[in-house]
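Visitor: Could you have a look at this structure, given as structure tokens, before my questions?
The values are calculated or read from the model by the stated rules, or taken from the named source; none is laboratory data. What you see is a predicted model; the values in this text were computed from it and never measured. Heads up, the Cβs are rebuilt from the backbone with ideal geometry, glycines too, and the neighbour counts pull from every protein chain shown.
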Amino acid sequence: MTTELLTTPGTDAAPGGRIRGLRCRNCARQERLGPSYVCAACFGPLEVDYDYDALDGVLTRERIEARRPGIWRYLELLPAEEQPLRGLAVGSTPLVDATRLGPEIGIERLWLKDDTRNPTLSFKDRAVAIAAARAAEWKLPALACASTGNLAGATAAAAAAIGLPAYVVIPADLEPAKVDHALAYGASVIPVTGTYDDVNRLCLEIADETGWGFVNVNLRPFYAEGSKTLAFEVAEDLGWRLPDVIVAPIASGALYTKLAKGIGELVRLGLVEPKSVRFVGGQAAGCAPVATAYAAGVDEIAPVRVPDTIVRSLAIGSPADGRYALEQARASGGSIEAVSDLDAAEAIRRVAATEGIHPETAGGVTLAAAAQARAAGVIGPDDEVVVLLTGNGLKTPDASSFGLATRRAERGGPGLADPIAPDLDAFLSWLGA
């Protein structure tokens, strides 16, 4: 996978005045635009506040389609004044018609949004590109993050592309492949003994002390907006229409909720026809605070203190946007599914064997969540479904074989054979067995 650089601006700049500032999601208090993430009045989360009226008649399908591929083709709906001069070539990943996998899980009209093909092999490149643009504009001294894995590489690569030092703070038990990935881009990687939530709390303090641009702390309102581009691309790839169901993983809940925001913006600007879209979320059963609340029919999300799952990229025990994700699932008629590690690993192998796409553990959770939602009737037999594959399986190589011996003993199938002698008789003996 290349990390192609963008070194020229886009075809045109966004109209001025479309970004009003920041606004609290809880109390609607207005805040100035800057590296801030929490409301001064109620401590609620801040979001970017757009003036959509300023975009009426400005952003059209034709204007978008005339631009070069990538997330910046939707510039007017992103929190940057203009496309940055430097950065990775992010977005415009394929929407794959899964004609072999779909029938296997009972979904005849199944699409896979293959975000394993971004520069650092995950959807996090989208979010980090926005945060990095703001960090450069505000001349912050460094780019940093608290990461469960994919964000580490995305932050390190984005920082390298714009010439900033990168600091990546991670749980000490993170998969080695993800650690090596961040190190390859020249980042300083700081392992912390504890969970991701412990890491995140530490990063809140570091951000205040150093003034670094933490993409998912003081730059979070801008970072989170990058996830909307997945919704924009899905609609455009479907011929400017919306599917019946979107299935996404839930870690902090930001991706899940921003998909709905992106769809709302497309409808508001007349780029797609209004349609009720159901949102299905997936969490690993060993760290499923939102799925547990959904199943219990309660509003309060009890934190998971010690995650117990191979799906480390989703192992956030106290998700910042968990309550909003829960509300979105219920309001849309969707669901939030808890997926076992065994089922996630099997889903990874299944999509790899049927569609030639190798996702990491979060992708396995999402695919298994789609199958569970179909079995439960949340997804109907005629629904058009888009499943997001948010990271590449090369980052979690051990996950592909997790539970494989048990499942092969139960069901049979291909896999790693015992060594054989270098002659045809030995091969034919193996083949016959």
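Visitor: Hey, Phe43 hits all of (1) under 20 Å from Gly264 (Cα atoms); (2) surrounded by fewer than 15 Cβ atoms within 10 Å (Cβ to Cβ); (3) of a type outside the set (S, T, N, Q) but one; which does it fall short on?
Guide: All conditions pass for Phe43, except number (1).
Visitor: What single numbered condition from (1) touching a residue at least 60 places away in the same chain (Cβ under 8 Å); (2) part of a loop (DSSP other than H, G, I, E, B) fails to hold for Arg68?
Guide: Only one criterion is unmet by Arg68, namely (1).
Visitor: Starting from residues that are within 21 Å of the chain's Cα centre (by Cα) and of a type in the set (Gly, Ala, Ser), keep the ones in the stretch 165-201 and report whichever is farthest from Ala132 (Cα to Cα).
Guide: Once the filter is applied, the top-ranked residue is Ala177.
Visitor: What residue, of Leu33, Leu78, is in contact (Cβ under 8 Å) with a residue 24 or more places away in the chain and not hydroxyl-bearing (Ser, Thr, Tyr)?
Guide: On the way: Leu33 fails: in contact (Cβ under 8 Å) with a residue 24 or more places away in the chain.
Residue meeting the stated conditions: Leu78.
Visitor: Further question: Restricting to the stretch 239-271, give me the number of residues that are in a loop (DSSP other than H, G, I, E, B) and under 17 Å from the mean Cα position of the chain (by Cα).
Guide: Matching residues across the stretch 239-271 total 4.
Visitor: Could you tell me which numbered condition Val215 fails, if it satisfies all but one of (1) surrounded by fewer than 24 Cβ atoms within 10 Å (Cβ to Cβ); (2) more than 11 Å from the chain's Cα centre (by Cα)?
Guide: (1)
Visitor: A further question follows. With respect to Gly253, determine if the residue is at pLDDT 95 or above, surrounded by fewer than 23 Cβ atoms within 10 Å (Cβ to Cβ) and either closer than 23 Å to Ala131 by Cβ or of a type outside the set (Gly, Ala, Ser) (or both). Outline the logic, then answer.
Guide: Details: at pLDDT 95 or above: yes; surrounded by fewer than 23 Cβ atoms within 10 Å (Cβ to Cβ): no; either closer than 23 Å to Ala131 by Cβ or of a type outside the set (Gly, Ala, Ser) (or both): yes.
Spelling it out, it is not the case that Gly253 is at pLDDT 95 or above, surrounded by fewer than 23 Cβ atoms within 10 Å (Cβ to Cβ) and either closer than 23 Å to Ala131 by Cβ or of a type outside the set (Gly, Ala, Ser) (or both).
Visitor: Something else about it: Check the stretch 103-118 and report whether any residue there is under 15 Å from Gly226 (Cα atoms), assigned to a loop (DSSP other than H, G, I, E, B) and at pLDDT 95 or above.
Guide: Restricting attention to the stretch 103-118, the residues satisfying the condition of being under 15 Å from Gly226 (Cα atoms) are 115, 118.
Next cut, assigned to a loop (DSSP other than H, G, I, E, B) only: 118.
Okay, now just the ones that are also at pLDDT 95 or above, so 118.
Yes, because at least one residue in the stretch 103-118 is under 15 Å from Gly226 (Cα atoms), assigned to a loop (DSSP other than H, G, I, E, B) and at pLDDT 95 or above.
Visitor: For Pro289, indicate whether it is surrounded by fewer than 20 Cβ atoms within 10 Å (Cβ to Cβ), modelled with pLDDT of 95 or more and of a type outside the set (A, V, I, L, M, F, W, C). If you could, list the steps in order and put the result at the bottom.
Guide: Working: surrounded by fewer than 20 Cβ atoms within 10 Å (Cβ to Cβ): no; modelled with pLDDT of 95 or more: yes; of a type outside the set (A, V, I, L, M, F, W, C): yes.
Considered against the rule, which asks whether it is surrounded by fewer than 20 Cβ atoms within 10 Å (Cβ to Cβ), modelled with pLDDT of 95 or more and of a type outside the set (A, V, I, L, M, F, W, C), Pro289 comes out as no.
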